[in-house]
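This report concerns only the one structure given below.
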Amino acid sequence: MKVAVLGYGTVGVGVYEMLREAKGLEAGPVLVRPGKDNEPFKVTDMAAITGDPSVGAVAEVMGGVEPAFSYAMAALKAGKHFVTSNKALVAAKGVELNRTARENGVSFLFSAACGGGVPILHNLARAAETDEILSVGGILNGTTNYMLDQMQSKGMDYAEALKQAQELGYAEADPTADVTGLDALRKIMLACAVAWGVLPKSGLLNEGIDSFTAADVNDIAARGRVCRLVASGKRAPDGRISAYVEPVLVRVGDAESAVQKNFNMARYEGKCAGSIALIGQGAGRYPTASAVLRDLSGICVGEAAMFPADCVEGEADNASESHAYYVRLPKACAGALPVAEVLSDGEELRVLTKEISVKQMHEIASSLRADGRAVFFAAMRG
Ligand code: HSE
């Protein structure tokens, strides 16, 4: 099968190189921006791909919702299979792409959009066909895991850790999505849709690591814990879906604490299968390209979809999920929280809260920040 590639950045180069070596697959034209077509295999007009009957599939690795969405729709309507690593695209338009692919009798797969090289969505999609999925989640962003690991194990400061993650090709073009938890949130949205056929589009909550400081590192380490950015999705027996991302303080020695560098630990729990966790590189050129190639190879043996046929957009409800939280906040603001224990006193307090709902904790932090206050919070687990 000949594969056209949309985009020739960090992942695009990896996909093109792998296609040239892959059995059963052939590298087709690569769509680049006008002025970047300095090699014969590069084209600048999508019509050159949709109008080429020898192209069987399109792999989109350019990122962003537009023009990726228009190109995806054009490819699907031209009868080309469509594979993407683009979380923003699938989180925004996945239901429509799923429907269009099915209407046109072609495949729509996006393993690389969640977990980088870790085959979580592929396995989850198959499991969801035969088992009841109870929860999904884990460490789903390689950039922030790399940063947290460097800050906590090497004492690196935030700015240097981010710079390194960018140089290593882990971060998004605009790393704001990584450090604010938005990238991980998009990934948990996809996992929810694969697991339960509902792509949650509202009611979602994301807290990132952009408030995490060297002072937090020392305080947390002294308590025998490390910080990880964790995405959580769960379906309650009444059908309500929770989906959120937040820092979590895990005990040193817990599985998450051993996830280092750009690695992800993606997991799901099946009613019959129990808990399954997959660990591997969650970001970077070749890990991500390998997931794109796995999807293309899957198409050759009939793999067609990750979202169920009746997948719809829906809403997340994070009011019934609750945790105790570690919070750093100005002393004057402590009354905003149900404090269980003051860990350290001063102009800034470090406290443990009583168990409160995820929704309440995120709302309190955002209202304090709206008043210009510095706040860091992380759920206590384990
Ligand atoms: N920026 C993303 C990450 C890339 O760091 O996880 C892989 O999705």
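The values are calculated or read from the model by the stated rules, or taken from the named source; none is laboratory data. These numbers were taken from a predicted model, which means no experiment stands behind them. Here the Cβ positions follow ideal geometry from the backbone for every residue, glycine too, while neighbour counts run over all protein chains shown. With ligands, DNA and RNA removed, areas are computed over all heavy atoms of the protein, side chains included. Shrake-Rupley method; radii C 1.70, N 1.55, O 1.52, S 1.80 Å.
Within the listed set Thr130, Thr180, Thr50, the Gaussian network model of the chain (springs between alpha-carbon atoms below 10 Å) gives the highest mean-square fluctuation for Thr130. A simple packing score, the average count of other Cβ atoms within 10 Å per residue, orders the peptides 250-263, 96-109 as 96-109, 250-263, with the highest score first. Amide H to amide H distances under 5 Å link Gly203 with Ala316, where only residues 5 or more positions off or on other chains count and H is placed in the peptide plane. Accessible surface of the chain, 1.4 Å probe: 49 percent of it comes from carbon and sulfur atoms. If you average the alpha carbon positions of segment 8-78 and of segment 180-252, how far apart do those two centres end up, in angstrom? Rounded to whole Å, the Cα centres lie 33 Å apart. In terms of overall dimensions, the C-alpha atoms belonging to segment 142-232 reach 42, 31, 18 Å along their principal axes, ordered largest to smallest.
Between amide H atoms placed 1.01 Å from N, distances below 5 Å from Glu172 occur with Asp178, all of them 5 or more places distant or on a separate chain. Decide, for segment 192-288, between rounded, prolate and oblate: order the square roots of the alpha carbon gyration tensor eigenvalues as a ≥ b ≥ c, take rounded if a/c falls under 1.5, and otherwise choose prolate if a/b is larger than b/c, else oblate. Taking the square roots of the gyration eigenvalues as a ≥ b ≥ c, segment 192-288 is prolate.
Taking only protein heavy atoms into account and a 1.4 Å probe, give the accessible area per residue of segment 322-380 in Å².
With all protein chains present, segment 322-380 gives 45 Å² per residue.
Using the average count of surrounding beta-carbon atoms within 10 Å as a protection proxy, the listed peptides 58-66, 13-21 rank, highest first, as 58-66, 13-21.
Rolling a 1.4 Å probe across the protein heavy atoms gives segment 103-202 an accessible surface of 32 Å² per residue. Each helix, a run of at least 4 DSSP H residues, gives -39500 (n - 2.57); summed and divided by the residues of the chain, these come to -10500 deg cm²/dmol at 222 nm. Put simply, when 284-295, 207-218, 81-92 are sorted by average Cβ atoms within 10 angstrom per residue, most first, you get 81-92, 284-295, 207-218.
In the structure shown, do any of Lys2/Lys23; Lys154/Lys187; Lys271/Lys359 have a Cα-Cα gap over 18 Å, and if so which?
Lys154/Lys187; Lys271/Lys359
Local charge for Arg350 was computed over the other residues whose Cβ lies under 15 Å away, with Lys and Arg +1 and Asp and Glu -1, and equals -1.
Enumerate the lysines that Lys354 could reach by cross-link, defined here as Cα to Cα under 20 Å, with residues fewer than 8 away along the same chain left out. Output for Lys354: Lys331. Treating each Cα of the chain as an identical point scatterer and ignoring solvent, apply the Debye formula and state log10 I(q)/I(0) at q = 0.07, 0.13, 0.14 Å⁻¹. Cα-only, vacuum Debye calculation for the chain: -0.32, -1.01, -1.14.
Extents of segment 2-113, largest first, come to 35, 26, 25 Å (Cα atoms, principal axes, whole angstrom).
Computed extension gain for Glu17 through Lys354, at 0.36 nm per residue and net of the alpha carbon distance, reaches 116.1 nm. Sequentially through segment 44-61, phi angles give Karplus couplings (6.51, -1.76, 1.60; θ = phi - 60°) of 10, 10, 4, 4, 5, 8, 5, x, 9, x, 7, 7, x, 8, 10, 10, 9, 9 Hz, Gly and Pro residues having no value and appearing as x. The phi torsions of segment 25-41, fed into the Karplus equation with coefficients 6.51, -1.76 and 1.60 and a -60° offset, translate into couplings of 10, 9, 6, x, x, 10, 7, 10, 6, x, x, 9, 8, 8, 9, x, 7 Hz, rounded to whole numbers, with Gly and Pro shown as x. The mean sequence separation of alpha-carbon pairs under 8 Å and at least six residues apart, normalised by the residue count of the chain, gives a relative contact order of 18 percent.
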